[in-house]
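**Q** What follows is a single structure, and I will ask about it in a moment.
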């Protein structure tokens, strides 16, 4: 039997070959026989990254850690950044990969270009001055075991069961979650008041009766989606505002689904 030495891993675009003992390899070459391994290609980590990023749809984003995990190397998120920083293929949307803390991360065409591309895709950016805010971290706070009565008073129990992390409670998909500041009173009967903070999850599929953030002709609004007789409306929760019917000639996108409301009492 011919002893096989090693399989040599080559750079993208090169062929992968099996290295045989020198005397046998010379014999094969003289007969002009192509090795079966000469046409075999093994997907490199770089190719996997490009394939994953290529599939990120417009208006959505993945983090460097998520891309690394999808490629089979969860700890290689820095390598993902280096790979994308060397990419200039316009079909690979590197601008749709951001950092886990919600900030933009790098971009080899410059931060201004990354911001421009994301805004064109109706992607809300961290630290925008339009009331749309980046994800923030909540502190862990103690949680009392006993409930608080909203009716007749009940005996208090001075016992703390555990601490509660509001990130875990309110944010199920960190890479797709943003805070949005409310301006106006069109949703007041849904418990959404002026200056409230909404937690919006872009990974949730919008459905009937969900409260959503919609983009209409470039403007953001919060409304409830309602389907009536095969027509779709963005419904306010205030009788002083009119429903908005979504028509084919309207530039309208459902940007995300509201999951929680935060307001002062």
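The values are calculated or read from the model by the stated rules, or taken from the named source; none is laboratory data. These numbers were taken from a predicted model, which means no experiment stands behind them. Positions of Cβ are generated from backbone atoms using ideal geometry, with glycine treated the same way; all protein chains shown enter the neighbour counts.
**Q** Which of the residues belonging to the stretch 226-265 are closer than 28 Å to residue 169 by Cα, in contact (Cβ under 8 Å) with a residue 24 or more places away in the chain and outside any strand (DSSP E or B)?
**A** Matches in the stretch 226-265: 236, 237, 263.
**Q** While we're on this one: For the stretch 50-81, how many residues are free of Cβ contacts under 8 Å to residues at least 60 places away in the same chain, assigned to a helix (DSSP H, G or I) and surrounded by 14 or more Cβ atoms within 10 Å (Cβ to Cβ)?
**A** Summing the residues that are free of Cβ contacts under 8 Å to residues at least 60 places away in the same chain, assigned to a helix (DSSP H, G or I) and surrounded by 14 or more Cβ atoms within 10 Å (Cβ to Cβ) in the stretch 50-81 gives 13.
**Q** Looking at 133, 128, 145, can you tell me which residue is at pLDDT below 85, touching a strand residue (DSSP E or B) at 6+ places or on another chain (Cβ under 6 Å), within 26 Å of residue 57 (Cβ to Cβ) and outside the structural domain of residue 257 (by TED's automatic domain parsing)?
**A** 133
**Q** Taking the criterion of being free of Cβ contacts under 8 Å to residues at least 24 places away in the same chain, over 14 Å from residue 187 (Cβ atoms) and touching a strand residue (DSSP E or B) at 6+ places or on another chain (Cβ under 9 Å), would at least one residue in the stretch 208-215 satisfy it?
**A** Yes: the stretch 208-215 contains one or more residues that are free of Cβ contacts under 8 Å to residues at least 24 places away in the same chain, over 14 Å from residue 187 (Cβ atoms) and touching a strand residue (DSSP E or B) at 6+ places or on another chain (Cβ under 9 Å).
**Q** Pull up the stretch 171-199, narrow it to residues that are touching a helix residue (DSSP H, G or I) at 6+ places or on another chain (Cβ under 9 Å) and in contact (Cβ under 8 Å) with a residue 24 or more places away in the chain, then point me to the one that is surrounded by the most Cβ atoms within 10 Å (Cβ to Cβ).
**A** Here the residue is 177.
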